[in-house]
Amino acid sequence: MVLMEGRLKITELMLLLLLLLIGCSASQIQASSENEPDAIFYEPFSESFEGRWIVSSKDEYKGVWKLSKSEGHDDYGLLVSEKARKYAVVKDLGKAVSLKDGTIVLQFEVRFQNGLECGGAYLKYLRPQEAGWKPEEFDNDSPYSIMFGPDKCGSTNKVHFIFKHKNPKSGEYVEHHLKDPPSVPSDKLSHVYTAILKPNNEVRILIDGEEKKKANFLSAKDFEPALIPAKTIPDPDDKKPEDWDERAKIPDPHAVKPDDWDEDAPMEIEDEDAVKPEGWLDDEPEEIDDPEATKPEDWDDEEDGVWEPTKTDNPKCSLAPGCGEWKKPMKINPAYKGKWSRPLIDNPSYKGIWKPQEIPNPSYFETEKPDFEAIAAIGIEIWTMQDGILFDNILIADDEKVAESYRLTTWKPKFENEKEKQKAEEEAAGLSDGLSGYQKKIFDLLYKIADIPFLDAYKPKIIDLIEKGEKQPNITIGIIVSIVVVLLTVVFKILFGGKKPKVTVPETDRPAAAETSNTQGSSEEKEDESEKEDAAAPPRRRPTRRET
């Protein structure tokens, strides 16, 4: 009996210990969930946005916003429903979000369901507005702290990151643009855009969770204009003296045209030593009536004129040195010198290129970190030629892991589903997996090439070529060749200063006098003149045999 009672006490004790362990575990789980960082703001558009998001009442914003499902999903988003419209809608956060303390992550999804040829899809993170401002008054002039997101139209193809910063000296707000931002994905899939602002002045731009750009807010290499202004600026009141001579070279005032310089000598003369080739058919025309040409049945001589058969090359001429009247060919005139002008000499009065003197910049300041304005509201204010743009899962967080978690749970499944659907469509169109994957790698590489800074002037052309290639996979090789040509053009201009290659004339054909001809004027001016002459000249006809 005593033994039984002892066993019961031991069992009760074990049960009590087990309950204590369960209780402790539950407390730890609850404490862990309570301490887990969460979103500062999150908008999934899972229910009607009306009343929560305020549509601008300004007359210019005619575009209609709709709550709509993403194509192929049950997930809803905020839809741009009409083409060629301006749109504006804003959400007041209630409590402003500070950008000065710790990490802040800005993230949202966009899907161009009908593609994007010309339009913006960025967000504006508004700073606190002036007293009396109403959300219905939201427009392009509403002050913002940060503008972030894709924009594509004409020469613009970038994921903007712009921040406005108040200069503490001048009191003016300056708009600072991220240099060399990444390009916008050109497909019709859902993409998630993330901007991570770190307390060490670093900002990272991610697309679909992959880092595309890293920059420092204080670096002049990363933002234009630089956050910290130059210490000195050109004096706006400094004027160039009237006697300041900026000409490095001047025509030699003592030069005299040589007595034997014939400006009227023609560039070409008839070759007196030429002899008509043996077998030349003087009586045969170069072209004859096409024997296969027939008069159209509906030809009316009264209305259409007398019908004449089309011409074709005379087959007899192909068996002879030439046909028709033979004339002596032209050759370069050895006496040709062209228009004489005074040679250039060093200008004894040259003082260099004038610049105003530098003075201290009254707007200069120093800082260890940007003085960001808080975010009081989120606005979408865009102009677009496309419909079908869907915004979703707008997030503000103070932890990168929170943003990553939302990407994995809200964006990733949709994206994978859309990729599978796209893959099935490609297979139905006869594209193999290997070819599709191979082409994707090529186009990804080409997009990276387009982002190279020294190709900025050619970026729109390169992006346009890439997008054509993505729409027509069968011309991939042609696209690569075209971009290689663009790259070679840029390299050539860098190496040779943008000058066109000169055609080398064989020494036997070059007149000796031309070598001693004066060389006044820049090569660019000469090229311009030659281009004008080429443009003014009539189209060249096909050379005949007698001219050879």
Excluding residues fewer than 8 places away in the same chain, name every one of the lysines whose C-alpha is closer than 19 Å to that of K276.
-> K316, K327, K328, K331
Violating pairs (Cα-Cα greater than 23 angstrom) within the set K419/K448; K66/K179; K214/K459; K91/K214; K58/K95; K214/K401 = K66/K179; K91/K214; K58/K95
Hydrodynamic radius (Kirkwood) for region 61-167, which is based on Cα pairs only, to one decimal in Å | 16.0
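So between K188 and K239, what do we pick up on full extension, going 0.36 nm a residue minus the alpha carbon distance?
On the way: separation 51, 0.36 × 51 = 18.36 nm, distance 5.56 nm.
Contour length minus Cα-Cα distance gives 12.8 nm.
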Computed label-point distance, nm, for sites D273 and Q422 using a 7 Å Cα→Cβ extension | 6.8
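For region 140-223, how big is Rg over Rh, using alpha carbon atoms and the Kirkwood form of Rh?
Values: Rg = 13.8 Å, Rh = 14.0 Å.
In region 140-223, Rg relative to Rh is 0.99.
Using packing as a proxy for protection, rank 97-106, 315-324, 262-271 so that the peptide with the highest average count of other Cβ atoms within 10 Å comes first. All intermediate terms of the calculation are to be shown ahead of the outcome.
On the way: 97-106: 17.4, 315-324: 15.1, 262-271: 12.2.
The densest-packed peptide leads the list: 97-106, 315-324, 262-271.
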Determine the share of region 120-236's accessible area contributed by carbon and sulfur atoms, expressed in whole percent, with a 1.4 angstrom probe.
-> 47
For region 177-277, what is the Kirkwood estimate of the hydrodynamic radius, computed as the reciprocal of the mean inverse distance between distinct Cα atoms, to one decimal in Å?
-> 21.9
Considering only DSSP states other than H, G, I, E and B, which chymotrypsin sites (Phe, Trp or Tyr not before Pro) in region 64-165 qualify as loop sites with at most 15 other Cβ atoms within 10 Å?
-> W133
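If you filter region 230-310 for trypsin sites (Lys or Arg not before Pro), then keep DSSP loop positions with at most 12 other Cβ within 10 Å, what is left? Don't skip to the end; give the middle numbers.
Working: sites: K231, K239, R247, K249; in loops: K231, K239, R247.
Here the sparse-neighbourhood loop sites are K231, K239, R247.
The values are calculated or read from the model by the stated rules, or taken from the named source; none is laboratory data. These numbers come from a predicted model, not from an experiment. As a convention, Cβ positions derive from the backbone with ideal geometry for all residues, glycine included, and neighbour counts pool all protein chains shown. In case anyone asks, the SASA skips ligands and DNA or RNA and just uses the protein heavy atoms, side chains included. Shrake-Rupley method; radii C 1.70, N 1.55, O 1.52, S 1.80 Å.
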